[in-house]
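Report on one structure; see the data block that follows.
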Amino acid sequence: MINKQGLTEEEFLKLYDSNKYEKPSVTVDMLIFTVIEEENHNYRKLPEKALKILMIKRGDHPFMGQWAVPGGFVSVDESMENAAKRELKEETGIEGIYMEQLYTWGDVERDPRMRVISCSYMALVDSSALNIQPGDDADDARWFTVKSDMIKEEKAITKDGYHLKQYIQIKLQGGDEEIDAVVKITKTVAGRGIHFEREVIQSTGIAFDHAKVIQYAVERLRNKVEYTDIAFNLMPELFTLTELQQVYEVILDKELLKANFRRKISGMVIETDHYTKDAGHRPSKLYKFNQNWFNENI
């Protein structure tokens, strides 16, 4: 086929000037979540659990000394997914985990060095099986407890819809480090059109625009746990229903009614003949994940 200039595709590609357009840089960011039991000195009480995210401490400018999610630049000869796996291993020592694409971030001034577009990935993992080792680009790598709460909401009615502004406070605590930010989410409804914008309006200790990346990831994680089996990535082979409910409650950040929860997940678990043997607790029935639950509900 010939174009308007009388060129075949092969001829067009040979003559094409790849410098015609300015090229932005591309990065990947990884949001690795887990649920970890907090220290508990009362052996008769079930340990409290907390939602945590893996963060690395930047060892160079920009934002040197601040905390960021693991990530880095994509090479021209690698895929986004391979870049994510490589950067995660280089910065934290973690490899061999499943990650899924979360969102692409492309605000013009999100990186003070240059125009950078970032593709974020998310994973929910069992941290007990991971050995976190900060790499050459990081001064430290650690798990931070995540809290994401709405602190204010404003709504204004317009001629054909409304504007809704929500202010979400992100609090991260890891050891002796406490960092936080406020993210403003603006939802604009005009007729049948819906538009969302996220803006970091205050940040202490969180590098780049990663506060809004974390906020969005927590929001997506809470949505996904409602209709997928993602929470089972955190469970051992055998578990009690109380332990499973704790994980759901930590991710959703709310208490669940026992009867409703067990009815909801009844098809996702299989009862076994095993019981717990923990000191200080009555034996509890152990369950395992039903690998066929999705197919059974199609």
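Structural remarks
- What you get for region 25-227, charging only the Cβ of Lys and Arg (+1) and of Asp and Glu (-1), is a dipole of about 960 debye around the Cα centre.
- Relative contact order of region 230-296, pairs being alpha-carbon contacts under 8 Å that are 6 or more residues apart, as %: 35
- Convex hull per residue volume in Å³, alpha carbons only, for the chain: 221
- Along its three principal directions, the equivalent ellipsoid of region 230-296 from the Cα gyration tensor extends over semi-axes of 19, 16, 11 Å, largest first.
- Across the cross-link table entries Lys52/Lys224; Lys57/Lys89; Lys212/Lys258; Lys23/Lys89; Lys49/Lys224; Lys147/Lys224, which are compared at the Cα atoms, the separations over 22 Å belong to Lys212/Lys258; Lys23/Lys89.
- Relative contact order of region 73-220, pairs being alpha-carbon contacts under 8 Å that are 6 or more residues apart, as %: 15
- For region 1-151, averaging the sequence separation of C-alpha pairs within contact (under 8 Å, six or more residues apart) and dividing by the residue count gives a relative contact order of 30 percent.
- Among Asp29, Asp17, Asp111, the residue with the largest mean-square fluctuation in a Gaussian network model of the chain, with springs joining Cα atoms closer than 10 Å, is Asp17.
- Distance between the C-alpha centres of region 89-149 and region 200-222: 12 Å, rounded to the whole angstrom.
- Taking the chain as a Gaussian network of alpha-carbon nodes connected by springs under 10 Å, the highest mean-square fluctuation of the residues Phe12, Phe208, Phe261 belongs to Phe12.
- Highest-fluctuation residue, Ala141, Ala129, Ala50 considered, GNM on the chain with Cα pairs under 10 Å: Ala129
Read-outs: derived from the displayed coordinates by stated rules, not from any lab. Since we're looking at a predicted model, the values are computed, not measured. Counting neighbours? That spans all protein chains shown, and the Cβs are built from the backbone with ideal geometry, glycine included.
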